[in-house]
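The structure appears right after this line, and notes come after that.
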Amino acid sequence: MLKAAPWLTAGLFLGPIAAGLAGTLLPAFGWLPALGGTTLSLEPWRALLDAPGLGRAVLLTLGTGFAATILSFLLVIAFCAATQGSPLARRAQAALAPLLATPHAALAIGFAFLVAPSGWIARALSPWATGWDRPPDWATVNDPWGIALVAGLTLKEVPYLLLMAFAGLGQVRAAEGMRAAAALGYGPVTGWLKVVLPQLYPQLRLPLYAVLVFSLSVVDVALILGPGAPPTLSALVLRWFADRELTMWFPAAAGALLLLLVVLGAILLWRLGERVAAVLGRRWIAAGGRGGGGVVLGLAAPALMGLLLAANAAALIVLLVWSFAGPWRFPEALPAAFTLATWQAQVPAIAVPATATLAVALAATGLALLLTLACLEAEQRHGLRPGRRALLLIWLPLLLPQIAFLFGWQVALVRLDLDGTMGAVVWTHLLFVLPYVFLSLADPWRALDPRYARGAAALGAGPWRVFLTVKCRLLLRPLLVAAAVGFAVSVGLYLPTLFAGAGRIATLTTEAVTLAAGADRRILGAYAALQALMPLAAYALAVALPTWLHRDRRGMRPA
Amino acid sequence: MSLVIEELEITLAERSLVAVSRLAVAPGEVVTVMGPSGSGKSTLLAWLSGALDPAFRARGRVTLDGKDVSALPPHRRRIGLLFQDDLLFPHLSVAGNLAFGLPASLRDRRAREARIAAALEEAELGGFGPRDPATLSGGQRARVALLRTLLAEPRALLLDEPFGKLDVALRGRMREFVFERVLRLGIPALMVTHDPADAEAAAGPVLHVAPATPDGG
């Protein structure tokens, strides 16, 4: 039975994606019998191409997506090159987990609260530095160029890429390489770029693609920070799907398919860039330049990273400040008074989506953990050797634009009479929660010394006893961290909740994004703060519980 | 009780790694298998304990007191296993580790605790039960690991380079500690090692194995 676990998992995973892609593809060519579309035609594409602002929306999508990905990548590379082996790197690592847990929407809202013309930064500098006694008439958020969107995405993607880079660095034996390069006279930064980066990059490739795809196709952050007329392609497509006029679904499906093509083209382009960079890089390495001491980068990169992490933290804090704010006139740096009034007034309204968020996140995370453990255990008991293809499969939902298969999946859910149910939302969340849970747990699980299990079996312990009392206990920390990651992912999901919930199941994320369109900052702050606090609490628990359980076990402390 | 291996051949991708036509280990006897790394010693132990990686193919059988155990899963063979590393479970106390080894058929909690206390006492580790294994010295940990294995009442014992990680001063005492118990319990033991001093101390038959292919690395 356990042997079937990988297949069951793949089915739960691929079924919705395949159904979803097909269910987007057919309406894109006019086929959707429920709406009277019973002939294949190119009419949806004609409508799509006639839509005002489409060209600009595509350019915006490409511009913001590539800008955010390249910026994040460069910053992470610069930071790693500048801090290899220094205690700064380790300190940054400790700060990452809570930042990673922050949902995109909450971070974007907090970021808007910081940089808006009437935001915290302007307040902190006014009137003494700027002379403003009223907010300037600037478009620092929702600017037509998508600069705020790029900044918000970079803020969120850098911690993720940095964590992936740290994980990759552990596998390429960077310190030894650096020592060898230094002995040959290479400066630290040049040595890192020439020796470590070429080994590290393959480990970063899939995470980078995921960041690129996400940046190109994100909806919630684009709604909160991005331009409105026209918005990015994904937001435009969502607007059509949400249109009262249901015939808009046809051009919307064509638009979703166009986004898929844009994303695939972007990945191909990135891949081409990799090739070019590899050729140029090899030439650069062969030329033998030793480089200097890397003093400038050594100062600039950590400073930039510090600024970025500080902005992350400030974005969370400002949410809380607003949610407790009494009267707060413009140039004042802080509210005139703090009050519980907002929370008291909002508790009845906020409790419903908060409960739904918690229930969906717990169910999706629990399922994802069960499936992941079943797959990993089946792998060990039956000596299965998952290959590269299995890895790509796990990454698949993260490498496709969500909107390209979620609409079709919703149509399929309607057919199954499941749309708008908790079960549908949990299943859809599973598509995104499972990859993160699996990727976060698989390495520590596979790395556990197999002799522990062999030794336990030799003492007479059966496979399930070994699983529960040896493996799960020894790996309690990574197990709980994986659960916290899954929980955080689920809490942050916007589109999957929107589509599978058919508008009937509201979570903190869907509510916060809706409120971001113009609600009182105090109320919006409360929703976004709670959305951000839930995953943080899960992380805190995941760290505290094993520490407390193993307080008398030195061998169980993290290395 | 005796351990007998017959007509064993383990292959990996059509390449023969281990071949033993017949090897018998008498009760209380320690047979030493010596050979350089890559000669398949550890593969032999993995097969005996029932934990051979599925990538390998094995023919042949192992009997304990005439009973074929080749088809049994690892946890039903009752073949004890001792590694170079003690592999005490870091999440359990010393007593917890020993209780893990003690058969569940001994039900009474007091009786279990008494067995564990007596075993510790006899190994000059009296009062160590509540200790965190991470706070023990290397020699103490090695002794706890052996006690854990023996408390499971194995019908045979496999030793995988059991003294390799101990410093020289400890090694002699630990050898004595292990071999004396094997003799006293009257169980057959198979030890793989590349230290000739181990073989000498075991005072049993020595089987030399060569790498399967001369240049096979």
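The values are calculated or read from the model by the stated rules, or taken from the named source; none is laboratory data. Computed from a predicted structure; not experimentally measured. Quick reminder, even Gly has a Cβ in these numbers, built from the backbone with ideal geometry, and neighbours come from all protein chains shown.
Screening A:ALA165, A:ALA129, A:ALA151 for residues that are more than 23 Å from A:ILE109 (Cβ to Cβ) and not in a loop (DSSP other than H, G, I, E, B) leaves exactly one candidate, A:ALA165.
Provide a single number: the residues in region A:124-141 that are surrounded by fewer than 19 Cβ atoms within 10 Å (Cβ to Cβ) and under 27 Å from A:LEU536 (Cβ atoms). So the count comes out to 1. Restricting region B:77-103 to residues that are more than 8 Å from chain A (Cβ to nearest Cβ) and free of Cβ contacts under 8 Å to residues at least 24 places away in the same chain leaves a set whose member that is nearest to B:ASP132 (Cα to Cα) is B:GLY96. Considering region A:314-339, and only residues there that are exposed (fewer than 13 other Cβ atoms within 10 Å of the Cβ) and within 32 Å of the chain's Cα centre (by Cα), the residue that is nearest to A:ALA506 (Cα to Cα) turns out to be A:LEU334. For region A:69-109, a residue qualifies if it is in contact with a Phe, Trp or Tyr (Cβ under 9 Å, 6 or more places away or on another chain), among the small types (Gly, Ala, Ser) and within 30 Å of A:THR514 (Cβ to Cβ), and the qualifying residues are A:SER72, A:ALA97, A:ALA101, A:ALA105, A:ALA106. Screening A:PHE66 against (1) buried (at least 17 other Cβ atoms within 10 Å of the Cβ); (2) out of contact with any helix residue (DSSP H, G or I) (no Cβ under 8 Å at 6 or more places or on another chain) leaves a single unmet condition, (2). Does B:ALA156 meet the test of being under 22 Å from B:THR63 (Cα atoms) and crowded, with 18+ Cβ neighbours inside 10 Å? Spelling it out, B:ALA156 is indeed under 22 Å from B:THR63 (Cα atoms) and crowded, with 18+ Cβ neighbours inside 10 Å.
Only one of A:GLY294, A:GLY298, A:GLY281, A:GLY255 is out of contact with any His (no Cβ under 7 Å at 6 or more places or on another chain) and surrounded by fewer than 17 Cβ atoms within 10 Å (Cβ to Cβ). Can you tell me which? Give the steps one after another, and end with the answer.
Numbers: A:GLY294 fails: surrounded by fewer than 17 Cβ atoms within 10 Å (Cβ to Cβ); A:GLY298 fails: surrounded by fewer than 17 Cβ atoms within 10 Å (Cβ to Cβ); A:GLY255 fails: surrounded by fewer than 17 Cβ atoms within 10 Å (Cβ to Cβ).
Just a single option satisfies the conditions, and that option is A:GLY281.
Residues of region A:279-301 that are free of Cβ contacts under 8 Å to residues at least 60 places away in the same chain and within 25 Å of A:PRO202 (Cβ to Cβ): A:VAL279, A:LEU280, A:ARG282, A:ARG283, A:ALA286, A:ALA287, A:GLY288. Looking across region B:46-74 at every residue that is of a type outside the set (Gly, Ala, Ser) and free of Cβ contacts under 8 Å to residues at least 24 places away in the same chain, the one that is farthest from the other protein chains (Cβ to nearest Cβ) is identified as B:ASP68. In the list A:ARG465, A:ARG473, A:ARG477, which residue meets the criterion of being within 14 Å of chain B (Cβ to nearest Cβ) and buried (at least 19 other Cβ atoms within 10 Å of the Cβ)? Selected residue: A:ARG477, the only one of A:ARG465, A:ARG473, A:ARG477 that is within 14 Å of chain B (Cβ to nearest Cβ) and buried (at least 19 other Cβ atoms within 10 Å of the Cβ). The residue of region B:192-217 that is nearest to B:LEU23 (Cα to Cα), among those that are modelled with pLDDT of 70 or more, in a loop (DSSP other than H, G, I, E, B) and of a type in the set (Gly, Ala, Ser), is B:GLY204.
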